[in-house]
Amino acid sequence: MVQKNENKILLHACCGICSGYPISLLKELGYEPVVYFCNPNLDTQEEFDRRLEAQKNVCEFHNVELIVEDYRHQDFLSYVSGLEKEPEKGKRCDKCILLRLRQAFNKAKELGISKFTTSLVISPHKSFEKISEIGKSVAAEYNDTPPEYLPPEYLPLDFKKKDGFLKTNKLSRELGIYRQNYCGCEFSRRAD
């Protein structure tokens, strides 16, 4: 059985920009963030690599561990198949978030980390309530764990509060990291 570390929290990170302030806040709250870069939604390997490099810089600045999931864009395309024409913030986006939060849950479970959350909620273009609902539903759907091992819990933290979005953007400018102008998938690029 994997031992739980109650101080650790797995932070699913969509990009370096969005994770800068959440890492700071989690540390202030007494957590030891482990950043999980898992983004099969990104439309190209080049975009994945650019965002990963930015994420590495942010993690190095904060001196936190970074775990990188392999880039598997075909997994994302298969998962959202049939929803390609959905508008931004629609069913395709919900499924994209669900895919990544399921992967984050599984990684937290594998590592024995009792809580997980996501930097996605810091974006003013994303709904904190909807993402929190998805995160909680992911944690609730996994009932295959033995009674002595509670599954990881989704921690709904609204990183937008207390000017979180401004703070995370300020840090990304200070670090000079790559600042993308679209969510990541080819469908969100088309919507611009």
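The values are calculated or read from the model by the stated rules, or taken from the named source; none is laboratory data. Here the structure is a predicted model, which means the values were calculated and not measured. With ideal geometry, Cβ positions are generated from the backbone for all residues, glycine too; neighbour counts draw on all protein chains shown.
Which is of a type in the set (Phe, Trp, Tyr) and surrounded by fewer than 19 Cβ atoms within 10 Å (Cβ to Cβ), of Phe61, Phe37, Phe48? Phe61 is the lone residue from the list that is of a type in the set (Phe, Trp, Tyr) and surrounded by fewer than 19 Cβ atoms within 10 Å (Cβ to Cβ).
Against the test of being within 16 Å of the chain's Cα centre (by Cα) and not charged (D, E, K, R), the options Phe61, Phe48 yield a single qualifying residue, Phe48.
Is one or more of the residues making up the range 90-108 touching a residue at least 24 places away in the same chain (Cβ under 8 Å), part of a loop (DSSP other than H, G, I, E, B), surrounded by fewer than 20 Cβ atoms within 10 Å (Cβ to Cβ) and basic (Lys, Arg)? The answer is no, given that none of the residues of the range 90-108 is touching a residue at least 24 places away in the same chain (Cβ under 8 Å), part of a loop (DSSP other than H, G, I, E, B), surrounded by fewer than 20 Cβ atoms within 10 Å (Cβ to Cβ) and basic (Lys, Arg). Counting only strands (runs of 3 or more DSSP E) wholly contained in the range 1-85, the ones carrying 3 or more residues that are of a type outside the set (D, E, K, R) and within 23 Å of Lys162 (Cα to Cα) occupy 8-13, 32-37.
Checking each residue in the range 17-28 for being buried (at least 24 other Cβ atoms within 10 Å of the Cβ), modelled with pLDDT of 95 or more and either among the polar types (S, T, N, Q) or in contact with a Lys or Arg (Cβ under 8 Å, 6 or more places away or on another chain) (or both) picks out Ser19, Gly20, Tyr21. Contact map, the range 50-76: first residue more than 15 Å from Tyr178 (Cα to Cα), second residue among the charged types (D, E, K, R), Cβ cut-off under 7 Å, separation 6 or more or different chains; pairs are Leu66/Lys56; Ile67/Lys107.
Tally the residues that are of a type outside the set (S, T, N, Q), touching a residue at least 24 places away in the same chain (Cβ under 8 Å) and either surrounded by fewer than 20 Cβ atoms within 10 Å (Cβ to Cβ) or closer than 25 Å to Val80 by Cα (or both), restricting the search to the range 177-192.
9
In this structure, Ser78 does not qualify as hydroxyl-bearing (Ser, Thr, Tyr), touching a helix residue (DSSP H, G or I) at 6+ places or on another chain (Cβ under 7 Å) and modelled with pLDDT of 95 or more. A Cβ distance below 8 Å, combined with a sequence gap of six or more or placement on separate chains, defines the contacts here; from the range 35-46, residues that are free of Cβ contacts under 8 Å to residues at least 40 places away in the same chain and of a type outside the set (Val, Ile, Thr) reach residues that are in a strand (DSSP E or B) and buried (at least 24 other Cβ atoms within 10 Å of the Cβ) in the pairs Phe37/Ala13.
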